[in-house]
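Trainee: Have a look at this one before I ask anything.
All of the numbers you see were taken from the coordinates with simple rules; none came from a lab. For clarity, every value in this text was computed on a predicted model and none was experimentally measured. Methodologically, a virtual Cβ is constructed for each residue, glycine included, from the backbone with ideal geometry; neighbour enumeration extends over all protein chains shown.
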């Protein structure tokens, strides 16, 4: 039974991490500087609802096993403390306690909700230098970007595009698979912008 419970906990953690791996990878890519691997696990996004369901079911069952009333036989064989031959009380291993299961549950919850707060790991561009631009040089384009699955993906694209000179504003919406970019065409070209987006691992597939 102990091995079974440990297996349930492990399965719950793995499914929780897998459920948000497509959004965790862009953040890891930002931290490591390996921007091109950001979309490595974007193919897992369609499976996310199923992985969330598996996580909830597995951890729910683990809690049921932990909290359900014990039978007389269970109390005798699997009590909170066991007595050794010397009649000393021996505590249960930490990994078999409710505290450990609680920690695992909180970790799983953080992983499952990661896409909703992934954007906070990306630096803000509020302090970007303001320069004078000729109105005739300002160009706005809306690009179709394939592969984004969450706000973290959108923030990753915005972060990389904003590093280019001449970028005035970037608004990336992953639900619409678009990146609206306002830029000074005398300082940066549309080709350069597309190259940067493609360099993140997501792909520009057209313009709107």
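Trainee: Could you work out how much longer the chain between residue 139 and residue 67 gets when fully extended? Use 0.36 nm per residue separation minus the Cα distance between them, nm to one decimal.
Mentor: Full extension from residue 139 to residue 67 adds 19.7 nm.
Trainee: For residue 205 paired with residue 56, estimate the spin-label separation in nm (one decimal), with each label point 7 Å from Cα along the Cα-to-Cβ line.
Mentor: So the label points at residue 205 and residue 56 sit 2.9 nm apart.
Trainee: Right, here's the next one. Quick check on the exposure proxy: order 205, 56 from fewest to most C-beta atoms within 10 angstrom.
Mentor: Listed from fewest to most nearby Cβ atoms, that is 205, 56.
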